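Enquirer: Sending over a structure as structure tokens; questions will come in a sec.
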Amino acid sequence: MADPASTHSGTLSADSGRTSRPPSATTAPPMLAALEVHRTYRFGQVEVPVLRGASISIAQGEWVAILGQSGSGKSTLMHLLGGLDRPDEGRGTIEFEGRAVNLGAGRSLDRYRNRDVGFVFQFYHLLPELSVLENACLPGLVGGWFGHARAAAARRRAEELLDQAGLSHRLRHRPAELSGGERQRVAIVRALVNGPRVLLADEPTGNLDATTGASILDLIAAQHAQGLTVAMVTHDATVAARAHRVVHLRDGQVVEG
Amino acid sequence: MYAALLSNRYLTSRVIPMIAVGAVALCVALVIIVVSVMSGFLDMLKASGRTLIGDVIVSSGVGGIPHYDEWLADLRALPEVEEATPVIDTLGLLRMPYPSGPSKEIAPVQVWAIEPASFARVTAFGEKVWWRPPTDDAARDAMLPEDPRLRMDGSILRDGLTLTQASTGRPGIVLGMHVSIGNARQSNGSYLPRFGWFMPGEEVTLTVVPVSESGKISEPRDATFPIVNEVFSGVYDVDKSRIFIPLAQAQQLLRLDAAPLYDTTAEPDGEGNLPLLGTTPARVTKVLIRAKPGVDALAARDAVEASWDAFVARAARRSDRLGRPPERVSILTWEQQLRDLIGPVEKEREMMRILFSIIHIVCAGLILSIFWSIVIEKTRDIGILRSVGASRLGILWIFLRYGLAIGVVGSLAGVGIAWIVVDNINLIHEAIGRDAPRAAWITTCALSVLSLVMALHSLAGRGQLLPGLLWTIASVTLGVITLALLGHRGTLIWDPSVYYFSRIPSQVDWFNAAITVGGGIVFSVIGAAIPAAKAADVDPVEALRYG
Ligand SMILES: Nc1ncnc2c1ncn2[C@@H]1O[C@H](COP(=O)(O)OP(=O)(O)O)[C@@H](O)[C@H]1O
Ligand SMILES: [Mg+2]
């Protein structure tokens, strides 16, 4: 990817939607942004609007924490940002480097999830049949049918990152043999293995004790220090305090400060 | 890439897919075994059926084929034809030499009058004449000690092959193996004389009815022949009614020989003789043809047909009205001729094939249900894969690959099992025919007791139900097998002294095996496809909430 400004001046590939905002010569578009997104769940006749025009803008190199109570829609917002889910039909856009991601066909969404963002879940979500190393490599194996070269590169990078995360002695273990903190580290390595621009973490410490949680946050901080953009969701103000900027999710909307 | 990794991992890390592999293997093996044995029987039937008829059979009506020598010369000159031989077939009654006493039994027979030398070149008559001395020590050792063949010299075979009793110079008769009651079939497929009646050397009287060209039936005529040998074709219907006599004798008996024809409407001359119109040529009712090696029977048939048309056309140009060949004769290949014999068995085999193919669908259903439960169990994993960028097609491919692997491994294992069983089917058949060896039931009994001990141990020990249940099932199964082995009294399914073959065909029908394997794989993939599509449609967020 070139710098965001040139990205905006017409070199986009045809498969991405154009944004409705006019190009700006002075301010670069944010790395990742949600624009007026709505997300409503339906239970038969009853509609529950969880997000009601939520907007958030995450600049390159930023570490943003989204703070909100349980059930406020934090995960929903993260799923939208990560391309796992789409806003209600025609009600809001997700932009990555100035391009709408949720308008693309399924294929480009797969690519977005695979290359552009890395997702970390509260419950780690590792594949139990695969070893630590295989789990960490997974995004490198996914993108393409004949990606042997990419798979080898992903393997090298996974080994490197697992080493940094202090897991080099665990490569052949199954997730079930690991502690919660170790599993979450594997999940973070998996999220980073394809070299995404943004890390999306949905309550990454929510299932861990304070000390272990702190070490996870240290790991994220180390990656952030190397230039990674991070968006993190939490209901815990002390966790949120590690971020540069804290926003709140209230009544389906994002409020600054 | 990841699809291979995951489908292999799913395949090897659980037991249920192994059960699916086993089920596919057993289904495929069953189909291959049944169809292979049926195909073997069919081939055997075809082979025996064609032993005494050559490749192409030309049959005329009662009038017969005049100037057949001329046509035989035409036929022998054809590039497709190896040899041709004339035959007269008719029905007759055979007065048997038994019982002792003045009143004898009469057997209805199908008479084939042949020229033995050329007949043996067209058909396998030469190899099928039964009574002959053993050719080597191995053959001698295989015979029962009472077998009359052990005390024979070559003269009986020569008499059989020439249809002549050499010691007297008389024309002889060869009977099908079961025309007389004298031959008792043994369990090794050989024959011993029954009630002391050994046919060669005895005399029989054959009665036949001549029929004129116009279909008028004359007085029956008879002739007495010494039995010179017997013949075993392998088709019971043939062996119980076919007899062979020399062509010349049959032509005389049936008035099909060359004869002067007088004008019965004219006045006799001074010496009381009617005016001579000419000579009616000798006739035969059938011509059997052997095709040159490598020539297809249908191609030979077409050549024979063309030759017949030319022969008829040539005869029509001659003024001689007496030797006109019939316009129409039936010209059939051996397979067409044997339609009645082969047809029912072929249909049976197709029935079997269809019925057993349903097993494939059962396999597909089994795989479908196994995969369905795997997909449900793996919903969260599918969500994870989608969240790191796996496409729907990628997920589909994981499960299709998985089904493909089960189909391929299962089908190939099935071929292996089928091959082992079919290859040893005669041994298995013989083993079923004997009582179970003591070692077998003692072993299963001991294993059953052992399993029972293990069952009690695991139930008493950690109070775990599953291992206890499995050991109990093993114990009961082994116990039932022990009882079955104890109760088993040797019964041959196909007792060769009753059935007409002494060995079960043991050739795998590889063509059919290939089709069955293909079916096994295709149905496994179909069974996997439905759950695979369901897996591909899983919404990632929903799937992750699920876990
Ligand atoms: N797939 C779904 N179907 C129906 N309701 C949902 C679904 N996902 C989330 N919700 C509801 O939406 C609300 C917000 O959920 P979520 O985004 O998970 O909140 P948070 O992560 O802040 O705890 C909750 O009330 C939850 O029950
Ligand atoms: Mg949540």
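Enquirer: I need the full set of residues from the stretch B:317-360 which are within 30 Å of residue B:291 (Cβ to Cβ), touching a residue at least 60 places away in the same chain (Cβ under 8 Å) and not in a helix (DSSP H, G or I), in order please.
Expert: B:323, B:324, B:325, B:326, B:329, B:330, B:331, B:332, B:333, B:338
Enquirer: Quick one: in the stretch B:217-237, of everything that is farther than 20 Å from residue B:143 by Cβ and open to solvent by less than 50 Å² (accessible area, probe 1.4 Å), which residue is nearest to the chain's Cα centre (by Cα)? Don't jump to the end; show me each part of the working.
Expert: Going through the stretch B:217-237, the residues farther than 20 Å from residue B:143 by Cβ turn out to be B:217-228, B:233, B:235-237.
Next, only the ones that are open to solvent by less than 50 Å² (accessible area, probe 1.4 Å) stay: B:218, B:223, B:225-228, B:233, B:235.
Values: B:218: 41, B:223: 37, B:225: 34, B:226: 34, B:227: 30, B:228: 30, B:233: 13, B:235: 10 Å.
Filtering the stretch B:217-237 for residues that are farther than 20 Å from residue B:143 by Cβ and open to solvent by less than 50 Å² (accessible area, probe 1.4 Å), the one nearest to the chain's Cα centre (by Cα) comes out as B:235.
Enquirer: Out of the stretch B:509-547, which residues are of a type in the set (Val, Ile, Thr) and more than 14 Å from chain A (Cβ to nearest Cβ)? Spell out the reasoning first.
Expert: The first filter runs over the stretch B:509-547 and keeps only residues of a type in the set (Val, Ile, Thr), leaving B:515-517, B:521-522, B:525-526, B:530, B:538, B:541.
Within the stretch B:509-547, B:515, B:516, B:517, B:521, B:522, B:525, B:526, B:530 qualify.
Enquirer: While we're on this one: Working only within the stretch A:185-225, note down all residues that are within 16 Å of ligand 2 (Cβ to nearest atom) and more than 14 Å from chain B (Cβ to nearest Cβ).
Expert: Initial filter on the stretch A:185-225 (within 16 Å of ligand 2 (Cβ to nearest atom)): A:187, A:200-208, A:213.
Once the filter is applied, which keeps residues that are within 16 Å of ligand 2 (Cβ to nearest atom) and more than 14 Å from chain B (Cβ to nearest Cβ), the stretch A:185-225 yields A:204, A:205, A:206, A:208, A:213.
Residue-wise test of (1) at pLDDT 85 or above; (2) closer than 30 Å to residue B:411 by Cβ; (3) not in a strand (DSSP E or B).
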site: B:18; (1), (2), (3): no, yes, yes
site: B:31; (1), (2), (3): yes, yes, yes
site: B:37; (1), (2), (3): yes, yes, yes
site: B:44; (1), (2), (3): no, yes, yes
site: B:49; (1), (2), (3): no, no, yes
site: B:94; (1), (2), (3): yes, no, no
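Enquirer: Turning to a different aspect of this structure: For the stretch A:231-257: of the residues being closer than 15 Å to residue A:70 by Cβ and within 13 Å of ligand 2 (Cβ to nearest atom), which is most open to solvent (accessible area, probe 1.4 Å)?
Expert: Going residue by residue through the stretch A:231-257, those that are closer than 15 Å to residue A:70 by Cβ are A:233-237, A:239-240, A:248-252.
Now drop any that are not within 13 Å of ligand 2 (Cβ to nearest atom), which leaves A:233-236, A:249.
Details: A:233: 0, A:234: 5, A:235: 109, A:236: 58, A:249: 5 Å².
Ranking the qualifying residues of the stretch A:231-257, first place goes to A:235.
Enquirer: Let me ask another. Would you point out which residue out of A:194, A:207 is closer than 24 Å to residue A:132 by Cβ and either more than 15 Å from ligand 1 (Cβ to nearest atom) or open to solvent by less than 50 Å² (accessible area, probe 1.4 Å) (or both)?
Expert: On the way: A:207 fails: either more than 15 Å from ligand 1 (Cβ to nearest atom) or open to solvent by less than 50 Å² (accessible area, probe 1.4 Å) (or both).
Going through A:194, A:207 in turn, the sole match is A:194.
Enquirer: For the stretch B:291-310, give me the residue count where each residue is open to solvent by 60 Å² or more (accessible area, probe 1.4 Å), of a type in the set (D, E, K, R) and closer than 12 Å to residue B:333 by Cβ.
Expert: 3
Enquirer: Are any of the residues in the stretch B:340-360 touching a strand residue (DSSP E or B) at 6+ places or on another chain (Cβ under 9 Å) and surrounded by 19 or more Cβ atoms within 10 Å (Cβ to Cβ)? Break it down into steps so the answer makes sense when it comes.
Expert: Restricting attention to the stretch B:340-360, the residues satisfying the condition of being touching a strand residue (DSSP E or B) at 6+ places or on another chain (Cβ under 9 Å) are none.
Within the stretch B:340-360, none of the residues are touching a strand residue (DSSP E or B) at 6+ places or on another chain (Cβ under 9 Å) and surrounded by 19 or more Cβ atoms within 10 Å (Cβ to Cβ).
Enquirer: Can you tell me which residue in the stretch B:407-453 is surrounded by the most Cβ atoms within 10 Å (Cβ to Cβ), limited to those that are over 28 Å from residue B:510 (Cα atoms) and of a type in the set (D, E, K, R)?
Expert: Top of the filtered list is B:435.
Enquirer: Tell me whether the stretch B:361-375 contains one or more residues that are part of a helix (DSSP H, G or I) and within 14 Å of chain A (Cβ to nearest Cβ). Walk me through how you get there before you give the answer.
Expert: Step one: filter the stretch B:361-375 for residues part of a helix (DSSP H, G or I), giving B:361-375.
Now drop any that are not within 14 Å of chain A (Cβ to nearest Cβ), which leaves B:374.
Scanning the stretch B:361-375 turns up at least one residue that is part of a helix (DSSP H, G or I) and within 14 Å of chain A (Cβ to nearest Cβ).
Enquirer: Only one of A:113, A:155, A:185 is of a type in the set (Lys, Arg) and surrounded by fewer than 22 Cβ atoms within 10 Å (Cβ to Cβ). Can you tell me which?
Expert: Details: A:113 fails: surrounded by fewer than 22 Cβ atoms within 10 Å (Cβ to Cβ); A:185 fails: surrounded by fewer than 22 Cβ atoms within 10 Å (Cβ to Cβ).
Answer to the selection: A:155.
One line per residue, one yes/no per condition, for (1) surrounded by fewer than 20 Cβ atoms within 10 Å (Cβ to Cβ); (2) part of a loop (DSSP other than H, G, I, E, B):
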{"position": "B:134", "(1), (2)": "yes, yes"}
{"position": "B:153", "(1), (2)": "yes, yes"}
{"position": "B:159", "(1), (2)": "no, no"}
{"position": "B:184", "(1), (2)": "yes, no"}
{"position": "B:187", "(1), (2)": "yes, yes"}
{"position": "B:192", "(1), (2)": "yes, no"}
{"position": "B:199", "(1), (2)": "no, yes"}
{"position": "B:207", "(1), (2)": "yes, no"}
{"position": "B:215", "(1), (2)": "yes, yes"}
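Enquirer: Hey, could you check the stretch A:54-87 for residues that are more than 8 Å from ligand 1 (Cβ to nearest atom) and surrounded by fewer than 16 Cβ atoms within 10 Å (Cβ to Cβ) and say which is farthest from the other protein chains (Cβ to nearest Cβ)?
Expert: Taking the stretch A:54-87 first, the residues more than 8 Å from ligand 1 (Cβ to nearest atom) are A:54-67, A:80-87.
Among the residues that remain, those that are also surrounded by fewer than 16 Cβ atoms within 10 Å (Cβ to Cβ) are: A:55, A:61.
Numbers: A:55: 21, A:61: 24 Å.
Result: A:61.
The values are calculated or read from the model by the stated rules, or taken from the named source; none is laboratory data. None of these values were measured; they are calculated from a predicted model. Ideal geometry is used to build each Cβ from the backbone, glycine not excepted, and the neighbour counts take in all protein chains shown. The accessibility values were calculated without ligands, DNA or RNA, using every heavy atom of the protein model including side chains. Shrake-Rupley method; radii C 1.70, N 1.55, O 1.52, S 1.80 Å.
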